[in-house]
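Down below is the structure, laid out as structure tokens.
What follows draws every value from the coordinates through simple rules; no lab data is involved. Just so we're clear, the structure is a prediction, and the values are computed from it rather than from any experiment. For neighbour counting, all protein chains shown are included, and Cβ atoms are generated from backbone atoms with ideal geometry for every residue, glycine included.
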Amino acid sequence: MHEYANSMTIPLAPRSGGRPRLVLADAPTRRVTVHKIASATCGRIAAHQVEVGPGGPARPGDVVVVEALEEKRVYDQLELIGGRLAHVSPGDVIAGTLGDRYALRGFVGHCPDTVQVGDILHVLNLGGVIGVATSANEDLGKPLRVRVIGFAQRRGCVVNIRDGAVPAADRLDHRLPVVVVAGTCMAAGKTRAACEITAGLTQRGLPVGGVKLSGVAALRDTLNMEDHGAVRALSFLDAGRPSTVGLGDVAQMAKGLLNAVAAAGARVIVVEMGDGIIGGYGVASFYADTELRAAITVHVMCANDLVAAWGATELARSALRRPVDVMCGPATDNEVGVRYVEQDLGVAAVNARTAPARLVDLVAARCGVTAGR
């Protein structure tokens with residue numbers, strides 16, 4: 001942990017047409033007004049007046065205060081700590097979290113080894129994960145550039161989202177039905193399927209817990225689960241991880257989150273695996289754990305097309321060692337895909353958008369839940 005002293009207030013110089021631009025002082029620590037607190041800070045910053053210290057060694061999860069250097073027309077919003085989206089303007093002072101992102105359809109970047117005041121970094125995702133971008137996406141343009149003001153600190157220590165996080169666990173302490181919703185890539189319909197299942201089981205009188213287990217930090221998926229009736233919804237962010245890149249093995253983290261949701265009164269748990277079953281977010285390590293694999297009551301897979309549906313089915317049977325029970329996503333948008341998945345792949349196919357009730361019926365039957373209970 002970094003230790004600082006001698007707090008003071010940083011002076012501000014006015015700029016035309018908006019908020020004042022920061023003029024950095026030479027003092028070891030200073031107090032700044034943060035305009036936007038990103039959701040990736042996970043509530044570790046409680047007020048807009050933040051004590052900021054100088055740079056040094058950096059860890060994923062460290063909270064940094066930065067100044068936006070530009071305005072974007074695409075990917076121009078930041079998810080705030082309450083879940084609301086806000087446009088980012090030049091000069092905005094933002095509290096975000098250092099971390100990694102490894103998105104096929106987004107930005108790629110990593111947490112730097114060290115961070116110094118004045119360094120130029122990038123906002124890697126909607127939730128405010130900040131790092132060094134190494135690859136971009138043509139549809140999104142270049143990532144938003146920010147200048148480092150310093151590390152957020154409290155009582156002489158750098159604030160990190162692992163402080164007070166949901167602890168990892170060596171084993172599951174419950175035998176609740178677990179519905180795992182995985183997919184072949186981003187935007188394959190996983191969140192829609194997970195939310196329809198959550199809503200449908202809730203309407204049948206069953207308390208449902210939600211877990212977003214892999215990906216990069218943002219609140220929208222867990223908030224969506226809660227909006228559809230989840231008694232509690234947690235993610236890797238609650239476990240102190242800005243993303244699951246480089247985590248290697250997500251098993252202990254997953255067991256800790258599942259235990260926490262069960263303790264909140266859930267009687268069935270819906271798990272959404274962010275990104276795809278092939279990728280850089282550690283999804284495969286969940287299935288590699290014998291206890292977690294055995295805990296899967298229903299395995300729902302979302303695929304964008306028939307090739308993806310075939311590949312996911314084969315991969316699930318072989319490498320993941322947990323066959324698919326239900327296929328969802330765009331591959332099931334009409335009877336062409338449904339017929340192929342059911343007749344050629346031997347897997348139940350149902351579309352979460354057009355037939356949510358049937359999807360819930362399939363899941364409920366496998367969970368031992370009947371209509372009206």
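Give me the dipole magnitude in Debye, nearest 20, for the stretch 140-247 about the Cα centre, with unit charges on the beta carbon: positive for Lys and Arg, negative for Asp and Glu.
420 debye
Which is farthest toward the positive dipole end of the stretch 178-367 among ALA355, ILE278, VAL231, measuring Cα position about the Cα centre, with Cβ charges +1 (Lys, Arg) and -1 (Asp, Glu)?
VAL231
When all alpha-carbon pairs of the chain are counted, what percent fall beyond 33 Å?
In whole percent, the long-distance tail amounts to 33.
Any idea what diffusion coefficient the stretch 219-299 gets from Stokes-Einstein, in µm²/s, Kirkwood Rh on alpha carbon pairs, 20 °C, 1.002 mPa s? Before the final figure, lay out each step's value.
Working: Rh = 13.3 Å.
Rounded, D is 161 µm²/s.
Let me see the pair-distance distribution of the stretch 178-367: every alpha carbon pair, 5 Å bin width, integer percents in order.
1, 9, 19, 23, 22, 16, 8, 2, 0
Place a +1 charge on the Cβ of each Lys and Arg in the chain and a -1 charge on the Cβ of each Asp and Glu, then give the dipole magnitude about the Cα centre in debye, rounded to the nearest 20.
Using only the charged Cβ atoms, the result is roughly 660 debye.
Name the residue farthest towards the positive end of the dipole of the stretch 178-367 from the options LEU345, TRP310, ILE197, assuming +1 on Cβ of Lys and Arg, -1 on Cβ of Asp and Glu, about the Cα centre.
Farthest towards the positive end: ILE197.
With both bridge residues required to lie in the chain, what share of the DSSP beta bridges run antiparallel, to the nearest 5%?
Values: 40 of 70 bridges.
Restricted to the chain, the bridges split so that about 55 percent are antiparallel.
Placing +1 at every Lys and Arg Cβ and -1 at every Asp and Glu Cβ, with all other atoms neutral, what dipole size does the stretch 12-158 have around its Cα centre, in debye to the nearest 20? Intermediate results must be reported in sequence, preceding the final value.
Working: 18 positive and 14 negative charges, 74 e Å.
Dipole magnitude for the stretch 12-158 comes out near 360 debye.
Would you please give the residues with an amide H less than 5 Å from that of LEU234, counting only those at least 5 places away or on a separate chain, with H modeled from the backbone geometry?
Excluding prolines and chain starts, which carry no amide H, the hits are GLY210, VAL211, LYS212.
Please list the radius of gyration and Dmax for the stretch 12-158, considering alpha-carbon atoms only, with Å as the unit.
Final numbers for Rg and Dmax: 14.1, 43 Å.
For helix 251-263, what angle does its Cα long axis make with the longest principal axis of the chain, in degrees from 0 to 90 and rounded to 10?
Helix 251-263 sits roughly 80 degrees off the main axis of the chain.
Between GLY246, GLY210, GLY282, where does the largest GNM mean-square fluctuation fall for the chain, given springs only between Cα atoms within less than 10 Å?
Result: GLY246 has the largest fluctuation of those listed.
Which of VAL74, VAL326, VAL283 moves most in a GNM of the chain, Cα contacts under 10 Å?
Largest GNM mean-square fluctuation: VAL74.
So which aspartates and glutamates can LYS72 reach, going by Cα to Cα under 18 Å and dropping same-chain residues fewer than 8 places off?
Reachable aspartates and glutamates: ASP92, GLU138, ASP139.
What order do you get for ARG293, ARG321, ARG192 when you list them from fewest to most C-beta neighbours inside 10 Å?
ARG321, ARG293, ARG192
Suppose R0 equals 35 Å. What FRET efficiency, 1/(1 + (r/R0)^6) with r the Cβ-Cβ distance, do ASP361 and ALA319 give to the nearest 0.05?
Step by step, r from the Cβ atoms, then E = 0.75.
Tilt of helix 306-317 relative to the longest C-alpha principal axis of the chain, in degrees (0 to 90, nearest 10)?
Value to nearest ten degrees: 80.
How much FRET efficiency would the formula 1/(1 + (r/R0)^6) give for ARG31 and ARG162, where r is the Cβ-Cβ distance and R0 is 30 Å, rounded to 0.05?
E(calc), rounded to 0.05, equals 0.80.
From the phi of every residue in the stretch 185-202, what ³J(HN,Hα) in whole Hz does the Karplus formula 6.51 cos²θ - 1.76 cosθ + 1.60 yield, where θ is phi - 60° and glycine or proline is x?
Residue by residue, the stretch 185-202 yields 5, 5, 6, 9, x, 5, 5, 4, 5, 4, 6, 5, 5, 4, 5, x, 5, 5 Hz.
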